[in-house]
Each structure stands twice: as C-alpha cells, then as structure tokens.
1. Test of understanding: among Ala93, Ala138, Ala66, Ala89, which residue is within 16 Å of the ligand (Cβ to nearest atom), out of contact with any helix residue (DSSP H, G or I) (no Cβ under 8 Å at 6 or more places or on another chain), part of a helix (DSSP H, G or I) and assigned by TED's automatic domain parsing to the domain that holds Arg172?
2. Would you tally the residues in region 75-84 being within 12 Å of the ligand (Cβ to nearest atom) and buried (at least 21 other Cβ atoms within 10 Å of the Cβ)?
3. Step by step: first the residues of region 101-126, then only those that are outside any helix (DSSP H, G or I) and touching a Phe, Trp or Tyr at 6+ places or on another chain (Cβ under 8 Å), then the one that is nearest to the ligand (Cβ to nearest atom). Which residue is that?
4. Please indicate, with yes or no, whether at least one residue in region 154-162 is within 16 Å of the ligand (Cβ to nearest atom), at pLDDT 95 or above and not in a loop (DSSP other than H, G, I, E, B).
5. With the checklist (1) open to solvent by less than 60 Å² (accessible area, probe 1.4 Å); (2) outside any helix (DSSP H, G or I); (3) of a type outside the set (Phe, Trp, Tyr) in hand, flag the one item Leu260 doesn't pass.
6. Any idea which of Thr333, Thr300 is open to solvent by 10 Å² or more (accessible area, probe 1.4 Å), polar (S, T, N, Q) and without any contact (Cβ under 8 Å) to a residue 12 or more places away in the chain?
7. Checking Thr205 against (1) in a loop (DSSP other than H, G, I, E, B); (2) surrounded by fewer than 24 Cβ atoms within 10 Å (Cβ to Cβ), which single condition isn't satisfied?
8. Do the conditions hold for Gly238, that is, is it of a type in the set (Gly, Ala, Ser), surrounded by fewer than 24 Cβ atoms within 10 Å (Cβ to Cβ) and under 20 Å from Pro157 (Cβ atoms)?
Amino acid sequence: MTIRSPGEDLGGETEDGALRPETVVINLGRPAAVADGPLNVPITPASALQAGGVAGYARDGHAPWAALEEVLGALEGGRALTFSSGMAAATAAIGLFPAGAVIVAPTVAYMDVRRSLVRLQEAGRAEVRFVDITDTDAVIAACDGADALWLESPTNPLLGIADLPPLCAAARERGILCVVDNTFATPLLQRPLQLGADVVVHSATKAMGGHSDLLLGAVVAADETHFDALREARELGGATPGALESYLCLRGLRTLPLRLERAQHNAGVLAERLSDHADVSEVRYPGLTSHPQHQRSRDTLAGAGFMLTFRVRGGARRADALVDAVTLLTHATSLGGVETTLERRARYPAERGIVPDDLLRVSVGCEHVEDLWADLQQALASTADNLATR
Ligand SMILES: *Cc1c(COP(=O)(O)O)cnc(C)c1O
C-alpha cells in the first residue's frame with residue numbers, strides 16, 4: 001500500500017489506491033471482520049502462546065504489538081517493531097553499530113540518547129563525533145570515515161532543524177548507517193525512510209500515545225536485514241512493550257492527526273504572542289520567521305509542530321517562578337500529551353551548558369488556545385517582580 005507523503009496537499013488527489021495518513025491511523029491494525037467480533041485488537045496479557053504458530057512465546061512477538069506495528073510501519077513506509085520505551089528502541093538502534101564504531105551525532109539531542117553515546121565512548125566501545133546538526137557541511141564532513149550517523153530533527157529541546165535530505169543522501173553515498181529520531185516531527189510531518197535513512201526511532205510515549213499514560217518506543221527499518229537484527233535485539237534484550245501499553249498507544253495513534261492539527265495551531269498562536277511579550281527575550285518555534293532554520297523547516301517538515309521554547313527576562317529564578325505560577329498549564333517533563341506542559345530544561349544537570357538557564361520548553365496541547373494564553377499572561381504578570389529585584 002502506498003501512503004501519501006506528508007508534504008502533499010491535505011485535500012488533494014493521491015496516487016491510485018493511496019490512503020492518506022489520516023485514514024491509515026484509523027483503518028489499519030484491526031482484527032479480521034467476524035460477526036460480533038471486536039473492532040479493536042483486544043488487550044491480551046500473555047507470556048506463553050499456544051504452540052503451532054510463528055512466535056510461541058510473547059517475547060518473540062505478540063498480537064497487540066503487531067496491530068500497532070502495522071500502523072506505524074505504514075505511516076513511516078517501513079517495518080516497525082515496538083519496544084518498552086523510546087530509550088529501549090534507541091538502545092536497539094545503537095546496537096546496530098559495529099564495535100568500535102565512529103558515530104556522528106548531534107551535540108544537542110535528547111539528553112539520554114546523548115548520555116548513552118557518551119557512555120559508549122567512555123567505555124572505549126565507540127568514538128562519537130558530536131556536531132552541530134544544523135550545520136549541514138560540518139555534519140557531512142564528519143561523516144567521512146564514520147560508520148554511523150545519528151540524526152534528530154527537530155531537536156529536543158532547542159528545536160534545531162537538520163537538513164535531512166542531503167544528510168541522509170550523504171550517509172547513503174558513504175554506505176554508513178543512518179538513524180533518525182523522528183519523535184518531535186512524527187511521521188505526519190516527516191518521513192525519513194523516504195529520504196534514504198535506514199532506521200527511524202520513536203518515543204511513542206510522546207505524541208503517538210498522546211495522553212501521558214504510557215511508555216512505549218518503536219523502530220522502523222527500511223530493509224529486512226536491519227529489521228531482523230532489531231527484532232533479535234528485542235528478543236534478546238527483552239525490552240518488550242506491555243499489552244495494555246500497546247493497546248493504549250494504538251488508541252492514541254488513531255487521533256494523532258487531529259491532536260497534532262490542534263496542538264500545532266495552538267503552538268503557532270502562542271509562539272507569535274510570546275514573541276510580542278515584553279518580558280520574553282526569545283521564542284523558538286520553527287513556524288516563526290525568526291527561527292534560524294525557518295525556511296529549512298518549511299522545506300523539510302509538513303508543519304511546524306507542537307513544541308516551542310521561550311526565554312523569560314529575569315533569569316532562571318523568574319523561569320522557576322513562572323512554572324509555579326501557571327495554573328492551567330502543568331509543570332512537568334515529557335511532551336506530546338493532550339495537556340500543555342512546560343519545564344525549565346536547565347534544571348537537569350545534563351542540560352546545563354547546553355540550554356540557556358532561563359529557557360522554558362513548552363509542549364503545547366489541545367486545550368482552547370485563549371485559555372492557555374490567559375494562563376501564560378497571568379503567570380508572566382504575577383512573576384514580574386523577579387525582574388525588578390534582579
Ligand atoms: C523522550 C524521548 C526519547 C526517549 O523516549 P522514552 O519513551 O522516554 O524512553 C527519545 N528521543 C526523544 C527525542 C525524546 O523526546
């Protein structure tokens with residue numbers, strides 16, 4: 001089955017038989033139609049399975065994951081495998097790199113992926129070339145003599161945009177493994193396998209699950225060799241998703257296009273208004289013309305997404321006061337839920353020196369945007385004294 005690529009006109013014609021992603025998330029991953037049978041693959045807790053099938057033991061494969069994997073694979077245009085968390089999926093992908101690999105990776109990327117790569121390097125098991133992922137020439141230069149390229153775009157938390165088409169092409173030309181963490185974009189905004197990436201990684205904990213109630217990860221492989229290696233890594237590593245989590249994640253995924261549309265709209269409105277606020281020194285959102293890779297985001301992504309960051313005047317103290325002052329937004333980490341959350345990233349030791357002290361990362365949800373804006377406005381107003389006393 002072919003699926004429309006996300007850049008195509010939402011209302012336009014598709015190639016023969018192509019289902020649009022909005023339909024794929026609803027239509028696939030269903031049990032066979034049987035009279036009085038359920039429309040959804042049931043939640044079936046199981047370890048041992050009846051003999052005579054292909055799996056036999058749930059660590060080797062299980063029906064509730066298969067439904068979710070069918071949808072994910074179709075969305076990304078490859079074959080998907082689900083894991084117990086995004087980090088479990090990332091760890092399996094990192095496991096594809098040969099011993100002693102030279103890995104090119106972003107200086108700013110999801111902090112625990114970065115930490116995993118640093119630990120590999122410290123243990124003498126890999127050499128990591130950390131690069132500014134937005135500097136395409138520098139990334140391509142670093143790929144010479146490397147074994148693997150790890151990409152993330154937009155990056156967590158600074159929303160840097162990598163120019164995926166030339167980067168994936170450069171990896172392919174050099175025959176080096178190219179992995180893309182597509183968590184922030186989701187397959188609705190960007191499909192790296194179509195650009196030549198070998199493996200896509202997702203934290204489905206985030207926008208795919210969409211309700212802050214589960215941990216789940218996924219890899220999607222373009223070819224059989226990587227798929228087989230990743231499936232074996234899951235069997236042997238044992239980081240398998242739970243039956244309930246798989247069910248909830250698929251249920252969440254069915255409304256991803258709707259949630260994304262609303263959240264992205266809200267993010268655009270908030271980004272504009274925050275930019276005009278006197279107490280905000282900088283807003284980063286790919287949809288703003290002030291974003292350093294604004295044009296590139298328009299070229300590579302089908303939308304600007306639901307994540308934004310902003311910096312408040314008054315430093316870390318003001319930022320900490322602000323996350324306490326909001327009443328509708330939730331002070332919490334993670335992202336991609338229906339509820340809007342925010343946090344000061346430099347509160348994590350791993351993020352210090354990488355993100356500014358006064359930077360707040362906001363995961364914009366699906367509430368009414370005027371209610372969100374009213375809360376942000378009152379929180380900015382009620383913390384203004386931090387500005388005067390500084
Ligand atoms: C959260 C996140 C991960 C890790 O996923 P978990 O589900 O928390 O293990 C990986 N990459 C990115 C970009 C993330 O935001």
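1. Residue meeting the stated conditions: Ala89.
2. 2
3. The first filter runs over region 101-126 and keeps only residues outside any helix (DSSP H, G or I), leaving 101-110, 123-126.
Remaining after also requiring touching a Phe, Trp or Tyr at 6+ places or on another chain (Cβ under 8 Å): 103-107, 109, 126.
Working: Ile103: 16, Val104: 17, Ala105: 12, Pro106: 10, Thr107: 14, Ala109: 7, Ala126: 18 Å.
This residue is Ala109.
4. No - not one qualifying residue is present in region 154-162.
5. With (1) open to solvent by less than 60 Å² (accessible area, probe 1.4 Å); (2) outside any helix (DSSP H, G or I); (3) of a type outside the set (Phe, Trp, Tyr) applied to Leu260, the lone miss is (2).
6. Values: Thr300 fails: without any contact (Cβ under 8 Å) to a residue 12 or more places away in the chain.
After ruling out the rest, the residue left standing is Thr333.
7. Failed condition: (2).
8. Spelling it out, it is not the case that Gly238 is of a type in the set (Gly, Ala, Ser), surrounded by fewer than 24 Cβ atoms within 10 Å (Cβ to Cβ) and under 20 Å from Pro157 (Cβ atoms).
The values are calculated or read from the model by the stated rules, or taken from the named source; none is laboratory data. On a predicted model such as this, the values are computed, not experimentally measured, just so you know. Note that each Cβ is placed from the backbone with ideal geometry, even for glycine, and that neighbours are counted across all protein chains shown. Accessible surface is based on the protein model in full, side chains and every heavy atom, while ligands, DNA and RNA are left aside. Shrake-Rupley method; radii C 1.70, N 1.55, O 1.52, S 1.80 Å.
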